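Shown below is the structure under consideration.
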Amino acid sequence: DKSNFFHTTLQDLDLDIKNTLFVEDMVEGIAAGKQHGMKTAAITSGYHDETRLREKRPDYIFKDVTGLKTLFN
């Protein structure tokens, strides 16, 4: 259950949730990240396909992790 992981990890690392991006290739991870108020990025070259990932409405969708570079340009 990624929801429990987020609760503990966010507290332990004292992360600012509004400035945290969770990158995931599974719908469960996108849902858990959004549940905890994080921005989410779906990677479509992983476990779940783009159609399934889009259903969870991630903030960003990338074909692979190299797409993350566009957020920092």
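The values are calculated or read from the model by the stated rules, or taken from the named source; none is laboratory data. All values reported here derive from a predicted model rather than from experimental measurement. All Cβ positions, glycine included, derive from the backbone under ideal geometry; neighbour counts span all protein chains shown. The accessibility values were calculated without ligands, DNA or RNA, using every heavy atom of the protein model including side chains. Shrake-Rupley method; radii C 1.70, N 1.55, O 1.52, S 1.80 Å.
Packing-wise, with mean Cβ within 10 Å as the measure, how do 18-24, 8-14 rank, highest first? Show your work: numbers first, answer last.
Values: 18-24: 15.3, 8-14: 10.0.
Ranked from most to least packed, the peptides come out as 18-24, 8-14.
Do the sum for the chain: with -39,500 (n - 2.57) for every DSSP H run of n ≥ 4, divided by all residues, what is the mean residue ellipticity at 222 nm, to the nearest 500 deg cm²/dmol?
Numbers: 3 runs with 27 residues, N = 73.
Value at 222 nm, helices only, nearest 500: -10500 deg cm²/dmol.
I would also like to ask the following. Could you work out how far apart the two model spin labels at Lys18 and Leu71 are, taking each label as a point 7 Å from the Cα in the direction of the beta carbon, and quote it in nm?
Between Lys18 and Leu71, the label points sit 1.7 nm apart.
Mind checking the per residue accessible area of the chain for me, 1.4 Å probe, whole number of Å²?
Numbers: 5060 Å² over 73 residues.
Using a 1.4 Å probe on heavy atoms only, each residue of the chain averages 69 Å².
Now for a different question. State whether the chain is rounded, prolate or oblate according to the following rule on the C-alpha gyration tensor (a ≥ b ≥ c being the square roots of its eigenvalues): a/c under 1.5 gives rounded; otherwise a/b larger than b/c gives prolate, and the remaining case gives oblate.
Details: a/c = 2.17, a/b = 1.34, b/c = 1.62.
In terms of gyration-tensor shape, oblate.
Ignoring ligands, DNA and RNA, what percent of the 1.4 Å accessible area of the chain is carbon and sulfur?
49 percent
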